[in-house]
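See below for the structure under consideration.
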Amino acid sequence: MLRRDFIKINSLGIIGLFLSSFNLIQSKFSKEDLMGKSNPSFFGEGYKLRKEAHEAFEKMRIAASKNGFKIKVVSSYRNYAHQNRIWERKYKKFTSEGLSPIEAIRKIIEYSTIPGTSRHHWGTDLDIVDGNAAQPKGLLLEENFEGNGPFCKFKEWMDKHANSFGFYLVYTDVVNRKGFKYEPWHYSYAPLSVPMLKAYQKLDINIELQNANLLGSKFFTKEFINQYVKENISDINPKLL
């Protein structure tokens with residue numbers, strides 16, 4: 001056998017093994033897992049992550065502490081019921097303030113997801129701040145991470161080091177990105193969340209959301225859902241696609 005043929009065969013074998021492993025990872029996640037309706041095992045004190053994400057996060061947390069930062073988890077795993085409580089609270093608030101149902105839904109999805117569509121259902125995503133810094137009344141505000149904000153130095157450290165631990169910002173400040181607004185606090189563990197997103201995108205989201213018994217769900221038209229999937233679910237950091 002010629003050396004170039006041997007290399008070609010082995011390269012194809014490695015690619016095939018990678019694709020097989022990737023497909024195997026995707027097949028591990030049921031619809032219930034992806035929509036926050038199952039009960040998988042989680043790890044962490046004061047937060048919940050899947051085992052692999054937890055182990056990577058702990059390494060990042062230790063590295064951050066050596067540089068004077070204390071990573072404080074504001075939110076991690078949220079099940080369907082938890083996300084629905086957030087949805088209902090905001091829907092009632094906005095409609096009571098005079099917004100129409102459609103306007104209320106549009107307002108909610110500037111930052112919050114429709115139950116069953118949240119990345120926080122996966123046990124791979126975290127909202128984090130620096131616990132060593134002064135804690136403003138509203139923790140998760142863009143202004144706290146920019147300029148002279150209390151979490152500015154922490155954000156600079158994360159920008160330099162988070163990717164090396166597998167964590168990436170989900171909703172970036174890239175110009176013309178659509179969907180959810182910029183969230184400098186929301187990180188995702190890519191080695192798990194990428195295959196989970198690909199598995200999620202295979203679900204019939206139109207059917208799932210049109211059948212959902214949620215406040216305002218009767219206004220989830222096919223056009224609205226398609227736009228939501230394209231912009232809110234899929235228009236994210238390319239490193240997480």
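The values are calculated or read from the model by the stated rules, or taken from the named source; none is laboratory data. Since we're looking at a predicted model, the values are computed, not measured. Glycine gets a Cβ as well: all are built from the backbone with ideal geometry, and neighbour counts include every protein chain shown. Quick note on the areas: whole protein, heavy atoms, side chains included, nothing else; ligands and nucleic acids left out. Shrake-Rupley method; radii C 1.70, N 1.55, O 1.52, S 1.80 Å.
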Among S76, S112, S100, S118, the single one that is among the polar types (S, T, N, Q) and either open to solvent by 30 Å² or more (accessible area, probe 1.4 Å) or more than 18 Å from the chain's Cα centre (by Cα) (or both) is S100
Among the residues of segment 106-114, are any more than 26 Å from R177 (Cα to Cα) and outside any helix (DSSP H, G or I)?
no
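May I ask you to say which residue of I86, I62, I105 is surrounded by fewer than 13 Cβ atoms within 10 Å (Cβ to Cβ) and on the phi < 0 side of the Ramachandran plot?
Of I86, I62, I105, the one residue that is surrounded by fewer than 13 Cβ atoms within 10 Å (Cβ to Cβ) and on the phi < 0 side of the Ramachandran plot is I62.
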Checked V194, V175 against criteria (modelled with pLDDT under 95 and over 19 Å from V74 (Cα atoms)); the one match is V175
If we ask which residues in segment 163-204 are touching a residue at least 12 places away in the same chain (Cβ under 8 Å), closer than 16 Å to E52 by Cα and more than 14 Å from the chain's Cα centre (by Cα), their number turns out to be 2
Test V129 against the stated conditions and say whether it is under 17 Å from I236 (Cβ atoms) and either open to solvent by 30 Å² or more (accessible area, probe 1.4 Å) or outside any helix (DSSP H, G or I) (or both).
no
Over segment 45-67, the set of residues more than 30 Å from L209 (Cβ to Cβ), in contact with a helix residue (DSSP H, G or I) (Cβ under 8 Å, 6 or more places away or on another chain) and assigned to a loop (DSSP other than H, G, I, E, B) is N67
